[in-house]
Amino acid sequence: MTDNTIDNLESDSVTLILPISPSVNDTYGLTTSGGVPIKYIKTRGKAFFKEVNEYVKKNGFDIHSNIPLKVEIIINFATNHRNDLDNRLKSLLDSLTLSGVYEDDSQINELHVIRGETKKPGSIIIKISEYKED
């Protein structure tokens with residue numbers, strides 16, 4: 001089995017290295033039409049989703065896994081400015097769903113997020129493996 005498949009995953013994992021995801025505020029917007037709220041994806045969100053999709057397809061990570069998952073994330077911000085870790089997760093996890101890495105982020109049973117090094121241009125390292133109860 002190669003490192004880029006989760007089919008019948010046992011000890012194997014998938015590791016992706018992506019650019020910093022936009023904040024949730026830069027990804028999603030809300031407007032109304034006739035008093036009905038409508039959620040939409042902003043330009044920065046669309047660009048990030050497209051970039052992730054191209055990376056996933058190019059590297060063969062579009063595996064459409066449907067098993068319980070463990071996800072470990074290291075976010076390396078480009079600067080020391082105040083950055084909330086949780087503010088980057090929604091667009092990141094949604095992008096992996098839309099790109100076909102897994103069927104839905106509700107499959108994630110264990111999620112670890114760590115602030116990594118500060119280095120330009122910034123990156124996110126994601127390790128995805130099968131969730132196993134201890």
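Of all the residues in segment 104-131, those that are surrounded by fewer than 14 Cβ atoms within 10 Å (Cβ to Cβ) and assigned to a loop (DSSP other than H, G, I, E, B) number 6.
Only a single item in (1) out of contact with any helix residue (DSSP H, G or I) (no Cβ under 9 Å at 6 or more places or on another chain); (2) surrounded by 11 or more Cβ atoms within 10 Å (Cβ to Cβ); (3) at pLDDT below 95 is not met by THR31, and it is number (2).
Pairing each residue of segment 32-61 that is on the phi > 0 side of the Ramachandran plot with any residue that is surrounded by 16 or more Cβ atoms within 10 Å (Cβ to Cβ) and not in a helix (DSSP H, G or I), provided the two are 6+ apart or on different chains, yields C-beta distances under 9 Å for GLY60/ASN4. Just one of the listed residues (LYS120, LYS132, LYS127) is within 18 Å of ILE17 (Cβ to Cβ), basic (Lys, Arg) and in contact with a strand residue (DSSP E or B) (Cβ under 8 Å, 6 or more places away or on another chain), and it is LYS127.
The values are calculated or read from the model by the stated rules, or taken from the named source; none is laboratory data. Quick caveat: nothing in here was measured; it's all calculated off a predicted structure. A quick note on method: Cβ atoms are made from the backbone with ideal geometry, for glycine too, and the neighbour counts reach across all protein chains shown.
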